[in-house]
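Working notes, structure below.
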Amino acid sequence: MTANASKAMYLENLPHVRGRLVENACLSRLSWFRTGGPAEVLFEPADEADLVNFLRRIPGSVPVTVIGVGSNLLVRDGGVKGVVIRLGRGFANIHMRGDIVKAGAAAMDVHVAKAAAKAGMAGLEFLIGVPGTIGGALRMNAGAYGQEIKDVLAHAHAVDRYGHIHELKPKDFKFGYRHSEVKVGMIFLSASFHVKSGQPELVAARMAEINEQRIETQPIGTRTGGSTFKNPEGQKAWELIDAAGCRGLKIGDAQVSEKHCNFLVNLGEATAADIEKLGETVQRRVKENSGVNLEWEIRLIGDQAVETVA
């Protein structure tokens, strides 16, 4: 059976949805790097019920990959097999109730921070410095400027590969540095966070301070994927990269940022392979220089492009 025939078989058997199902969908436009191959199928569910119904009825043999807004993501040039699920507006609501802020998994971290500040609630200011969505923040225990998701999480809801909804307490995540142990197949739906009453002007001032620091120290506005490598315990990745002589290093149109060398940047025409090779080169040079193994913080998905021989 050919790959195309196999593909057609499961595409024809995908359940009816109220959201969008798009074949051979471009993922490069959804990645902040603006690189990468297509998804065989992209599913953008209308709401929670649409997603649950889809997962309960989709054949178990079909691979499923979940992405957010692509802020911390590198899609390889060969694309992603199966169905890529991307949550949209139906999962982006933000609600306040007493000392709890509830946000959908597709809500942007920065929007959650601003909504809490507008309501005079303190505790989520650090989210202004975290690119991406709440779902991604939960998955990697995102943090910035001295706080992490684990510090404020009350509980979360997620749906598994078979359409069963689960309530997750903080202990279920087994949070570590830029890490959680929730099963990869779980798709986050929403999260509730502890906040406290604060003076709006002080909350706003703290957010402005964080934002100013980001603008001054990070390559904001470029085609980048955020922090590339995790900070090793007791050390800073950017310092190790700088000491290894990698600041400004280029492969093709991929470059280690001159402004902050724990950021890789697409100067315009970089392929995902260029960016991944550059990251691997940085890892090797840091290992040779300091003996430290840098771990990817960016998530890499999909297949390498198949090289054709003339």
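The values are calculated or read from the model by the stated rules, or taken from the named source; none is laboratory data. What you see is a predicted model, and the numbers here were worked out from it, not measured in a lab. Using ideal geometry, Cβ is built from the backbone for each residue, glycine included, and neighbour counts are taken over all protein chains shown.
Identification of helices (runs of 4 or more DSSP H) wholly contained in segment 199-310 with 3 or more residues that are in contact (Cβ under 8 Å) with a residue 60 or more places away in the chain and out of contact with any His (no Cβ under 7 Å at 6 or more places or on another chain) yields 200-217, 272-290. For segment 206-263, residues that are more than 20 Å from LEU74 (Cα to Cα) and hydroxyl-bearing (Ser, Thr, Tyr) total 1. Quick check: anything in segment 210-226 closer than 16 Å to LYS277 by Cα and either buried (at least 21 other Cβ atoms within 10 Å of the Cβ) or touching a Ser or Thr at 6+ places or on another chain (Cβ under 6 Å) (or both)? Yes: one or more hits.
For segment 107-114, the condition of being out of contact with any Ser or Thr (no Cβ under 6 Å at 6 or more places or on another chain), surrounded by 23 or more Cβ atoms within 10 Å (Cβ to Cβ) and of a type in the set (Asp, Glu) holds for at least one residue. Look at (1) in contact with a strand residue (DSSP E or B) (Cβ under 6 Å, 6 or more places away or on another chain); (2) in the same structural domain as THR133 (by TED's automatic domain parsing) and you find that SER197 fails only one, number (1). The conditions of being farther than 21 Å from LYS183 by Cα, in contact with a strand residue (DSSP E or B) (Cβ under 8 Å, 6 or more places away or on another chain), outside any helix (DSSP H, G or I) and free of Cβ contacts under 8 Å to residues at least 40 places away in the same chain are not met by GLU40.
Scanning segment 275-310 for residues that are under 15 Å from GLY79 (Cα atoms) and out of contact with any Leu (no Cβ under 9 Å at 6 or more places or on another chain), we see that the one that is surrounded by the most Cβ atoms within 10 Å (Cβ to Cβ) is ALA305. Those helices (runs of 4 or more DSSP H) of segment 63-178 in which 1 or more residues are touching a residue at least 60 places away in the same chain (Cβ under 8 Å) and in contact with a strand residue (DSSP E or B) (Cβ under 8 Å, 6 or more places away or on another chain) occupy 109-118, 134-140.
Checking the stated criteria, VAL80 turns out to be more than 17 Å from ALA105 (Cα to Cα), buried (at least 17 other Cβ atoms within 10 Å of the Cβ) and either at pLDDT 95 or above or within 17 Å of the chain's Cα centre (by Cα) (or both).
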